[in-house]
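**Q** Below you'll find the structure I mean.
The values are calculated or read from the model by the stated rules, or taken from the named source; none is laboratory data. Predicted, not measured: the structure shown is a model, and the values here were computed from it. Cβ sites come from the backbone with ideal geometry, for glycine too, and all protein chains shown count toward neighbours. Surface accessibility is based on the protein's heavy atoms, side chains included, excluding ligands, DNA and RNA. Shrake-Rupley method; radii C 1.70, N 1.55, O 1.52, S 1.80 Å.
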Amino acid sequence: MTSHYKSFTYIENLHQHIGEAVTLNGWVFDKTEKGKLIFIKLRDGSGIVQCVLFKPNVSEDISANAQALTQESSVSVKGLVRAEQRAPGGVEIDVQDIKLWQVARDYPITPKEHGVEFLMEHRHLWLRSTRQHAIMRVRAAVIKAIRDFFDGNGFTLMDSPILTPNASEGTSTLFETQYFDLGKAYLTQSGQLYAEASAMALGRVYTFGPTFRAEKSKTRRHLTEFWMVEPEMAYFDLNDDMDLAEDFVEYIVQYCLKTCKRELAILGRDITKLEAVKRPFHRLSYTEAVEWLNANEIKLNKRTPDGAEVQVDFPWGEDFGAPQEEAIMTQFNKPCIIHRYPTDVKAFYMKRDVENPKVVLAMDMLAPEGAGEIIGGSQREDDFNALRERVLHENLPEHEFQWYLDLRKYGSVPHSGFGLGLERTVKWITGAEHIREVIPFPRMIYRIVP
Ligand code: 4AD
Ligand code: MG
């Protein structure tokens, strides 16, 4: 006996049913009437198909049902699948019957232009539009590529906790909550510290889940809740880490090109830009990048103590912001890894470069076309004393990092990893202008509803 649901037909599979009668379950995207014809554009989540009703062919009740349909009304349409060269999916439906589930009244999102605020307030409905639908499909493809890449390369998925007793990426962007009698707990900024413990147990692991930053940044690239995938590998040094990151990002982009042609076309994405994303990527040390900025007279805006704005050479030691990253990327049409950042601008767990202790073995991958940083990673400090000193230097509570320091006491090895921001990556691949469009229900400083 086959289950009821297995008999459902979906629009994306209609080409396999030419000449057959099928029933489609969906919503009305659009409806027009012309004499004895009613054209219903039906969407079912997998695609859109035009259903043509010829009034003389059906009963009056069925015609009346069709006439009652409004945008987003829910219906089941039974009809014959006919090949139609001119239709986007190559097929049309000749309607035989219509079952009306609900007539939608005054659907708020109409084909006219709406402001972003309005759309954001109606995010629960906005997701039904063609463009949002395409972005969500690319997002799902990126997630699949991520999992396939690691699952297929000997990595084990190791989930890390979301409620944590401490910070990993600095204390300034923590969401806190009271945790019973045990004091404060924080929503995790990164699963990395737990991924490190997991890597010592399983060799190559990845953690993939939501992460949180109480970030005051109101930019097109920041969410307060975003998804991060974090591989962590025992015995990998910084070079191994960078090589893996390049393989990984190339795989994701090429996978999307292969599986999301239709979605990328709907989004109007210039795919030649994505086709160029092949190894090897570019690499620059932080110091080389600073030299390039200064050689090209890309100045830094600074305020003097009396408030005047002045333009200065970029000082070695300062962190790059979006303007510097964008300037550097103007030279490149594929991602660039910047490595060996000044120790003071990076996290406590990064290993110092033995050849120059002023820098750490860090790496950030910047994507082209103004997409900015998609990856942050590093080789980790594996020496007990050096790490303890960094914990104390950053005023982190040593007792809460005891377990993390333990990893440097019992068979410590060189190890490395990185974190790729899912939404940053989807924003880049889809060409979306704002990160709020690439996660189903975005969380930002000024928005938590819907
Ligand atoms: O560079 P980040 O802060 O690195 C870490 O958290 C490391 N612990 C990762 C690791 O080594 N395992 O964050 C990693 C990536 C960034 O490159 C960016 O893509 C994304 O996470 N990201 C954000 N995405 C959206 N909104 C935000 N507020 C983000 N902050 C970071
Ligand atoms: Mg970073």
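**Q** Taking Ile375, is it part of a strand (DSSP E or B), assigned by TED's automatic domain parsing to the domain that holds Tyr255 and surrounded by 18 or more Cβ atoms within 10 Å (Cβ to Cβ)?
**A** Numbers: part of a strand (DSSP E or B): yes; assigned by TED's automatic domain parsing to the domain that holds Tyr255: yes; surrounded by 18 or more Cβ atoms within 10 Å (Cβ to Cβ): yes.
Considered against the rule, which asks whether it is part of a strand (DSSP E or B), assigned by TED's automatic domain parsing to the domain that holds Tyr255 and surrounded by 18 or more Cβ atoms within 10 Å (Cβ to Cβ), Ile375 comes out as yes.
**Q** Under 8 Å by Cβ, and 6 or more places apart or on different chains, what pairs join a residue from the stretch 190-203 that is closer than 21 Å to Leu174 by Cβ and assigned by TED's automatic domain parsing to the domain that holds Leu407 with one that is part of a helix (DSSP H, G or I) and among the hydroxyl-bearing types (Ser, Thr, Tyr)?
**A** Leu193/Tyr404; Glu196/Tyr404; Ala197/Tyr404
**Q** Would you be able to say whether some residue in the stretch 70-81 is in contact with a helix residue (DSSP H, G or I) (Cβ under 9 Å, 6 or more places away or on another chain) and over 21 Å from Phe8 (Cα atoms)?
**A** Among the residues of the stretch 70-81, not one is in contact with a helix residue (DSSP H, G or I) (Cβ under 9 Å, 6 or more places away or on another chain) and over 21 Å from Phe8 (Cα atoms), which makes the answer no.
**Q** Would you confirm whether or not the stretch 350-364 contains a residue that is within 15 Å of ligand 1 (Cβ to nearest atom), of a type outside the set (Ser, Thr, Tyr) and open to solvent by 70 Å² or more (accessible area, probe 1.4 Å)? Write out each step before concluding.
**A** Initial filter on the stretch 350-364 (within 15 Å of ligand 1 (Cβ to nearest atom)): 350-351, 360-364.
Now restrict to residues that are of a type outside the set (Ser, Thr, Tyr): 350-351, 360-364.
Restricting the remaining residues to those that are open to solvent by 70 Å² or more (accessible area, probe 1.4 Å) gives none.
Within the stretch 350-364, not a single residue is within 15 Å of ligand 1 (Cβ to nearest atom), of a type outside the set (Ser, Thr, Tyr) and open to solvent by 70 Å² or more (accessible area, probe 1.4 Å).
**Q** When you scan the stretch 27-51, how many residues do you find that are under 34 Å from the mean Cα position of the chain (by Cα), assigned to a strand (DSSP E or B) and among the acidic types (Asp, Glu)?
**A** 1
**Q** Return the residue satisfying two criteria in turn: it lies in the stretch 408-436 and is away from ligand 2 (no atom under 16 Å from the Cβ) and in contact with a Phe, Trp or Tyr (Cβ under 9 Å, 6 or more places away or on another chain), and of such residues it is farthest from Gln379 (Cα to Cα). Give the derivation first.
**A** Step one: list which residues in the stretch 408-436 are away from ligand 2 (no atom under 16 Å from the Cβ), which gives 408-415, 426, 429-434, 436.
Narrowing the set further to residues that are in contact with a Phe, Trp or Tyr (Cβ under 9 Å, 6 or more places away or on another chain) leaves 408-409, 412-415.
Working: Arg408: 14, Lys409: 17, Ser412: 13, Val413: 11, Pro414: 7, His415: 6 Å.
Among residues in the stretch 408-436 that are away from ligand 2 (no atom under 16 Å from the Cβ) and in contact with a Phe, Trp or Tyr (Cβ under 9 Å, 6 or more places away or on another chain), the one farthest from Gln379 (Cα to Cα) is Lys409.
**Q** Out of the residues in the stretch 365-394 that are polar (S, T, N, Q) and within 14 Å of ligand 1 (Cβ to nearest atom), state the one that is farthest from Phe236 (Cα to Cα).
**A** The initial filter retains those residues of the stretch 365-394 that are polar (S, T, N, Q), namely 378-379, 385.
Next cut, within 14 Å of ligand 1 (Cβ to nearest atom) only: 378-379.
Working: Ser378: 10, Gln379: 8 Å.
Filtering first and then ranking leaves Ser378.
**Q** Check Phe180 against each of (1) in contact with a Pro (Cβ under 7 Å, 6 or more places away or on another chain); (2) among the hydrophobic types (A, V, I, L, M, F, W, C); (3) open to solvent by 50 Å² or more (accessible area, probe 1.4 Å) and name the one condition it does not meet.
**A** Condition not satisfied by Phe180: (1).
**Q** Filter the stretch 4-20 down to the residues that are open to solvent by 60 Å² or more (accessible area, probe 1.4 Å) and either polar (S, T, N, Q) or in a strand (DSSP E or B) (or both) and list them by number.
**A** Of everything in the stretch 4-20, those that are open to solvent by 60 Å² or more (accessible area, probe 1.4 Å) and either polar (S, T, N, Q) or in a strand (DSSP E or B) (or both) turn out to be Ser7, Gln16.
**Q** For the stretch 226-242, state whether one or more residues are within 16 Å of ligand 2 (Cβ to nearest atom), farther than 23 Å from Arg283 by Cβ and open to solvent by less than 50 Å² (accessible area, probe 1.4 Å).
**A** yes
**Q** Restricting to the stretch 395-422, count the residues that are within 16 Å of ligand 1 (Cβ to nearest atom) and open to solvent by 30 Å² or more (accessible area, probe 1.4 Å). Can you show your working first?
**A** Let us first name the residues in the stretch 395-422 that are within 16 Å of ligand 1 (Cβ to nearest atom), namely 396, 401, 404, 407, 414-422.
Within this subset, residues satisfying the condition of being open to solvent by 30 Å² or more (accessible area, probe 1.4 Å) are 407, 414.
Here the count works out to 2.
**Q** Here's another thing I want to ask about it. Quick one: which helices (runs of 4 or more DSSP H) sit completely within the stretch 59-158 and have at least 2 residues that are under 35 Å from the mean Cα position of the chain (by Cα) and aromatic (Phe, Trp, Tyr)?
**A** Because the criterion is at least 2 residues that are under 35 Å from the mean Cα position of the chain (by Cα) and aromatic (Phe, Trp, Tyr), the helices (runs of 4 or more DSSP H) in the stretch 59-158 that meet it are 130-151.
**Q** Is it the case that the stretch 332-344 has a residue that's without any contact (Cβ under 8 Å) to a residue 40 or more places away in the chain and surrounded by fewer than 18 Cβ atoms within 10 Å (Cβ to Cβ)? Walk me through how you get there before you give the answer.
**A** Step one: filter the stretch 332-344 for residues without any contact (Cβ under 8 Å) to a residue 40 or more places away in the chain, giving 343-344.
Imposing the further condition that a residue be surrounded by fewer than 18 Cβ atoms within 10 Å (Cβ to Cβ) reduces the set to 344.
Yes, the stretch 332-344 has at least one match.
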